[in-house]
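Engineer: I am attaching a structure below and will ask some questions about it afterwards.
Where a number appears in this text, it was derived from the coordinates with a stated rule and is not lab data. Every value quoted in this text rests on a predicted model; they were computed, and no experiment measured them. Positions of Cβ are backbone-derived with ideal geometry, glycine not excepted, and every protein chain shown enters the neighbour counts.
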Amino acid sequence: MNTSEKSFAAQSLPRRLIVSLQMGGGFFALANIICVAILGYVYLSVKHEPRTLEVKGAAKKAIVSDVVQWNGTITARDPDLVKAYDKLKVDADKVAAFIKKAGVAEKEITFSAISTEKIFQREVIPTPPAEGEGKSAKREPTMVKTSKVEMYVLSQGVGVESREMEKVAGVSRNVTSLIKEGMEIQSGAPQYLYSKLSELKIDMLAEATRDATLRATQIVSNANGSLGKLVEAKMGVMQINPKGVTAVSDTGNNDTTSLEKEILAVVTVRFELR
């Protein structure tokens, strides 16, 4: 096509079409530039992303509880409130004497406030026969609570916190012998605690981190690699179980039923690879 023909063709095209073609070409050029930039950024990010290794470390330690707690409840009942109180006071003094005789110091014994419950009398109201039923028809009577107090029930909690492990355990087992003296008393199981748990947790987590580092070093060494700096460390929950028990819970276990326990600490660490 010669020059005159090209000029004629350009003149024959609508001006709006020429503008659209020019804008479309610019758009595609800009899109190409953006795509190249995105691909370049992704390539550089992947290229410079450090290689890492994640491992878990654990530490386990046996401990013996050094604090014991025990709780019991004394109850007295009587239609007369004053008599119920007097009975409860006498029984509480007997329990305190029993605990002290077992070798527990008086300062380690505590009594809670007294709670009072009223039991109201109930009356039986005969239910009349329904319409059409004979007088001999039997129907269940209705029980109605009255406003008259039938019985006062007073309760008081007694507790012990001590380092006398065997003595308090003996109290929990034997205090109910006072029932033979006309006392109403309930005894709970002793709870065994470890008073230095906060300090021990710090040491356990440090030991678990060292274990994780050793594991990571061995893995990398076997692969002829080199371990880099520590990137991240996550602490798991502590598992405190009776000795010989390996139970695991997502929220952590905290056994208080056994004198001898085992603590398990777990950490997850991530290292860079060189």
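Engineer: Return the whole-Å distance between the Cα centroid of segment 139-158 and the Cα centroid of segment 194-268.
Structural biologist: 55 Å
Engineer: So if R0 is 41 Å, what FRET efficiency would E164 and K56 give, r being the distance between their Cβ atoms, rounded to the nearest 0.05? Walk me through the numbers before you get to the answer.
Structural biologist: Values: r = 40 Å, r/R0 = 0.97.
Working from the Cβ atoms, E equals 0.55.
Engineer: While we're on this one: Starting from 0.36 nm per residue, how many nanometres of slack lie between K107 and I179 once their C-alpha separation is accounted for? Walk me through the numbers on the way to the answer.
Structural biologist: Working: separation 72, 0.36 × 72 = 25.92 nm, distance 2.48 nm.
Separation in residues times 0.36 nm, less the Cα-Cα distance, equals 23.4 nm.
Engineer: If you bin the C-alpha pair distances of segment 69-114 every 5 Å from 0, what whole percents do you get?
Structural biologist: Once binned at 5 Å, the Cα pair distances of segment 69-114 give 5, 19, 29, 22, 14, 7, 4, 0.
Engineer: What FRET efficiency comes out for the pair L259/T146, r = Cβ-Cβ distance, R0 = 51 Å, nearest 0.05?
Structural biologist: Efficiency computed from Cβ-Cβ geometry: 0.50.
Engineer: Straight distance only, please: which lysines reach the Cα of K145 with their own Cα at less than 26 Å, same-chain residues fewer than 8 apart left out?
Structural biologist: Result set, ordered by chain and number: K83, K118.
Engineer: If you take all C-alpha pairs in segment 84-196, what percent of them are over 18 Å apart?
Structural biologist: 64 percent
Engineer: Can I ask one more? Any idea which of A206, N253, L230 is furthest toward the positive side of the dipole for segment 185-262, if Lys and Arg beta-carbons carry +1 and Asp and Glu beta-carbons -1?
Structural biologist: Comparing the listed Cα positions along the dipole, L230 ranks first.
Engineer: Stretched out fully, how many nm does the piece from I125 to A247 gain, at 0.36 nm a residue minus the Cα gap?
Structural biologist: Values: separation 122, 0.36 × 122 = 43.92 nm, distance 5.65 nm.
Working it through step by step, the gained length comes to 38.3 nm.
Engineer: Order of 222-228, 233-239 by packing, highest average Cβ count within 10 Å first?
Structural biologist: The peptides rank, most packed first, as 233-239, 222-228.
Engineer: Could you tell me the relative contact order of segment 156-274? Use alpha-carbon pairs under 8 Å, at least six residues apart, and round to a whole percent.
Structural biologist: Over segment 156-274, the number comes to 27 percent.
Engineer: Which pairs break 25 Å Cα to Cα here: K100/K261; K100/K180; K60/K196; K107/K180; K101/K201?
Structural biologist: Values: K100/K261 28 Å; K100/K180 19 Å; K60/K196 16 Å; K107/K180 27 Å; K101/K201 37 Å.
Over 25 Å Cα-Cα: K100/K261; K107/K180; K101/K201.
Engineer: Taking 30 Å as R0, compute the FRET efficiency from the Cβ-Cβ separation of R270 and Y194 and round it to 0.05.
Structural biologist: Working from the Cβ atoms, E equals 0.45.
Engineer: With all pairs of different alpha carbon atoms counted, what Kirkwood hydrodynamic radius in Å does segment 132-267 show? If you can, show how the numbers build up before the last one.
Structural biologist: Numbers: mean 1/r = 0.0463 Å⁻¹.
Hydrodynamic radius (Kirkwood, Cα pairs) of segment 132-267 is 21.6 Å.
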